[in-house]
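A.B. asks: I have a structure I would like to understand better, so I am pasting it below and will then ask my questions one at a time.
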Amino acid sequence: MTTGHDFSRAQWRKSSRSSGNGGNCVELAVIAEAAGVRDSKNASGPALVLPSAALSALVASVRP
């Protein structure tokens, strides 16, 4: 599957609230036009790619 977005140089981040034992975590990387979300246990696996506006809407809807 080709997304057309290059995340090879992106800085992937994990929540500071996630445990350090490699548990059930997701990582997020933001590039100019999109954001990628992936499973931290499978860094070389696929990423869910969202337009930047969709990520903003998602965060706004789940943030207390």
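A.B. asks: Return the calculated 222 nm mean residue ellipticity for the chain, to the nearest 500 deg cm²/dmol, obtained by summing -39500 (n - 2.57) across DSSP H runs with n ≥ 4 and dividing by the residue count. Mind showing how you got there, number by number?
C.D. replies: Details: 1 runs with 11 residues, N = 64.
Theoretical 222 nm ellipticity from helices: -5000 deg cm²/dmol.
A.B. asks: Continuing with this model, one more query. Give me the tail of P(r) for the chain as a percent: Cα-Cα pairs with distance above 18 Å.
C.D. replies: 38 percent
Every number here is computed from the coordinates shown, using simple stated rules; none is lab data. It should be emphasised that the depicted structure is a prediction, and the values quoted were computed from it without experimental measurement.
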